[in-house]
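K.L.:
Here it is: the structure, laid out below.
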Amino acid sequence: MKKLIGLLATGSLCMFAACSSGDDDNSITPPNSWNNNNGNGTQVTAETCQAAGKVLSVDPVTSTLYCADPAQPSPGTQTGVSSSSVDQPGTGITPQPGITPTTQASSSSIATTPTVVSSSSVPSSPSSTTPTTTPKSSPSTQTPPADESDGKWHLALWDGTAGDPQVPTGNKTGGYWYSYTDSGDKGQSVLVWDAEDDGTSADGLVPVIKECQGLCGSFELIAGGNPYKPYVGVGFNYSKSANEVADATSSRGVCVTYTSTNSIILEMGLGAQDSKIGYANPFVTLPASASPKTVDFGWSDFEQPDWASAAQTVTNPQQALASLKFKFAGAKDSTDGGTGSFKIMKVGAPSECN
């Protein structure tokens, strides 16, 4: 009779749990229990479990019969972990953006909660990342770092709003703004900055540039003992030396954004060659403008003045360029060349100032 009851109980559990054979390779052995061969080859039944002081149970995951301790919870049930344990103080778990935190279940747990990572927390493929810098291209469109001096001008944009006293020329020692007057020619012209500098010719202009967001000042042209035109000006060299020349062909020309009460002579300095050509340097004229004006010039636009002799004609001066100078000049032999003011806001290669 007991055997019949055991068989009926076993059949009922099998119908409920879809019993699987004892040699199922995918079966999971519950902890602290007897599996379906009872550890000694005896078939698991209600009777054999009762004889051992255990109860007949079925694994809900694998549908395998086993003898379990009466107080043991069903396999697959996590214990000691509440749904709110991950956000309680003192747990040592800090949730990260895009990552679902998980808790460690007890050793009797079968299934663990996988860590889920959102698509935003996975590093993107390098091939899909837009580079933050432009790859090197032809010299006409790309300026190398200032420490890569290769004997060529690579004129890049100088914007006065950045407060930098150095125009990028492609030479780490060059590009620093400086001023000059006709005092060397016994003139008495004066250049006054619209902000106070510290008396040096390079970094001393930083306060001026920062306050003006450019290079700004006023001037008075006085010939004095100068037998030529009175003048003042500002400029920058390719390198630290005013006589070192470089090939500026790849820069194609120059752009300028400025305001000025007077026309500006933008002149190409040719280093030691200046005296050889009688200072008849190639130039272009920037017209006076009360409002900010942007102009572009190619190197072919620069021409020597009409008083230059044929012997002084310079062929392709951009191939031996030492400096660029912004000059304000009065009439020849005049005792009073007038006054004016100016502001240079941007300098660069053509189209960069727009």
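The values are calculated or read from the model by the stated rules, or taken from the named source; none is laboratory data. Everything numeric in this text was worked out from a predicted model, so none of it was measured. All Cβ positions, glycine included, derive from the backbone under ideal geometry; neighbour counts span all protein chains shown.
K.L.:
If residue 330 meets every condition in (1) within 24 Å of residue 177 (Cα to Cα); (2) at pLDDT 95 or above apart from one, which number is that one?
P.N.:
Among (1) within 24 Å of residue 177 (Cα to Cα); (2) at pLDDT 95 or above, residue 330 violates only (2).
K.L.:
Looking at the range 298-320, which of its residues are over 46 Å from the mean Cα position of the chain (by Cα), surrounded by 13 or more Cβ atoms within 10 Å (Cβ to Cβ) and in a helix (DSSP H, G or I)?
P.N.:
312
K.L.:
Right, here's the next one. Residues of the range 147-197 being within 21 Å of the chain's Cα centre (by Cα) and of a type in the set (Asp, Glu), which ones?
P.N.:
147, 148, 159, 164
K.L.:
Same structure again: Taking residue 206 and the conditions (1) of a type in the set (Val, Ile, Thr); (2) touching a Phe, Trp or Tyr at 6+ places or on another chain (Cβ under 7 Å); (3) surrounded by fewer than 19 Cβ atoms within 10 Å (Cβ to Cβ), which numbered condition does it fall short on, given that it satisfies the others?
P.N.:
(2)
K.L.:
List, please: which pairs have Cβ atoms under 7 Å, are six or more places apart or on different chains, and start with a residue in the range 276-287 that is in a loop (DSSP other than H, G, I, E, B) and end with one that is of a type in the set (A, V, I, L, M) and surrounded by 19 or more Cβ atoms within 10 Å (Cβ to Cβ)?
P.N.:
As it stands, the answer is 277/314; 281/268; 281/270; 282/268; 282/314, since those pairs meet every condition given.
K.L.:
Determine which member of the set 248, 223, 272, 280 is in the same structural domain as residue 181 (by TED's automatic domain parsing), surrounded by fewer than 16 Cβ atoms within 10 Å (Cβ to Cβ) and not β-branched (Val, Ile, Thr).
P.N.:
272
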